[in-house]
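Bear in mind that the values in this text are calculations on the coordinates, not laboratory data. In this text the structure is predicted, and so the values were computed from the model without any measurement. As a convention, Cβ positions derive from the backbone with ideal geometry for all residues, glycine included, and neighbour counts pool all protein chains shown.
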Amino acid sequence: MSKRLLFIVLPTLLLAMMLSACGSQTSWEDEKIAEVSNRIDADNVNTIWTIADGQSSGTGGGKLIRLEIKKQDGTAIDRFDINHEKLLHLIVISKDLSYFNHIHPEYKGNGVFEIQNDFPAGGEYRLIADFKPADGDSMTKMTWAQLDGKTAQPVPVKPDSKLEQVVQGNRVQLTIDRLAANQDTKLQFSIADERTNRPVTDLQPYLGAIGHVVILSEDGERYLHVHAEEGQGSGPDAVFETQFPKSGIYKIWGQFRRNNEVFTSSFVVNVS
């Protein structure tokens, strides 16, 4: 082979190798894009809610709540990550915000969760599910459910003049540094023993934290599930940080555990 021919062949081979490398790089990028696109986000998740009759002592009757979680194409989502010690958190709240229940349905497989709930009366309820599909985002899905049966007299939702309440022998005081929409807000629950009036130091972990906070707007459309800051010990203070998404009336439920019992305090506030 002549030197001239060698000089022509070598650059050609080098160019081919470079093109091949570029082709491999493009393929790798395609794989990464495919990996991202396969991640399950909230827009690709559909929930099917069913409420059936059951046994109960309540006026509204015992109901079996069934939640089926699928992708938009109808494929069942069958794997979920544990979030705060549970696969799914279900919040049940009456339309007037007077009834609140935080429960954890049993996973039946194939994307189906079920639990029995003793509703206090007929009427309209907000059902809110928090969960995280494996290889997916944490998400919230909500629906309104209309229950048959005698309805209760609605309780007016009015802001509390004093953010202090006694629940199951615990005096709970809530301090909020600012009641303004779209701003970082700190919620501090200070808990004392009702009998001795001494600050408690024996709060027990509840679902892996010092406590949990749920916030819902008066119309039931804006929902916040707020987790406590880590490393807070066992009282007497429990601090949470959040943002109110819009001005208006909100109800705040704070849940804590003491003496092996979960107690729930609630307060209504007006956010400017």
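Measuring r between the beta carbons of K162 and T140 and using R0 = 30 Å, the FRET efficiency lands at 0.45. Among 200-206, 105-111, 213-219, sorting by the average number of other beta carbon atoms lying within 10 angstrom of each residue, highest first, gives 213-219, 200-206, 105-111. The orientation-averaged shadow of the Cα convex hull for the range 42-147, equal to a quarter of the hull surface, comes to 6.6 nm².
Just rank R222, R195, R171, fewest to most, by other beta-carbon atoms within 10 angstrom.
Numbers: R222 16, R195 8, R171 21.
Placing the least packed residue first, the sequence is R195, R222, R171.
In sequence order, the range 80-94 has phi-based couplings of 9, 8, 6, 10, 6, 6, 9, 6, 8, 10, 10, 10, 10, 9, 5 Hz under the Karplus curve 6.51 cos²θ - 1.76 cosθ + 1.60, θ = phi - 60°, and Gly or Pro positions carry x.
Seen from a random direction on average, the alpha-carbon convex hull of the range 164-271 projects onto 6.3 square nanometres.
Taking amide H as placed 1.01 Å from N in the peptide plane, the amide H of V167 sits under 5 Å from that of V172, each at least 5 places away or on another chain.
Judged by the gyration tensor of its Cα atoms, with axes a ≥ b ≥ c, the range 152-207 is oblate; a/c meets the 1.5 cut and b/c is at least as large as a/b. Straight Cα distances below 23 angstrom link K108 to the lysines K63, K70, K71, K86, K132, K141, with same-chain residues fewer than 8 positions distant left out.
At full extension, D43 and E124 could sit 26.6 nm farther apart than now, given 0.36 nm per residue minus the alpha carbon distance.
Backbone amide hydrogens, once placed in the peptide plane, bring V200 within less than 5 Å of I191, A192, D193, excluding anything fewer than 5 places away on its chain. Mean separation of Cα pairs under 8 Å and 6 or more residues apart, divided by the residue count, gives the range 166-255 a relative contact order of 32 percent. Decide, for the range 121-183, between rounded, prolate and oblate: order the square roots of the alpha carbon gyration tensor eigenvalues as a ≥ b ≥ c, take rounded if a/c falls under 1.5, and otherwise choose prolate if a/b is larger than b/c, else oblate. It is oblate, given that a/c is not under 1.5 and a/b is not larger than b/c.
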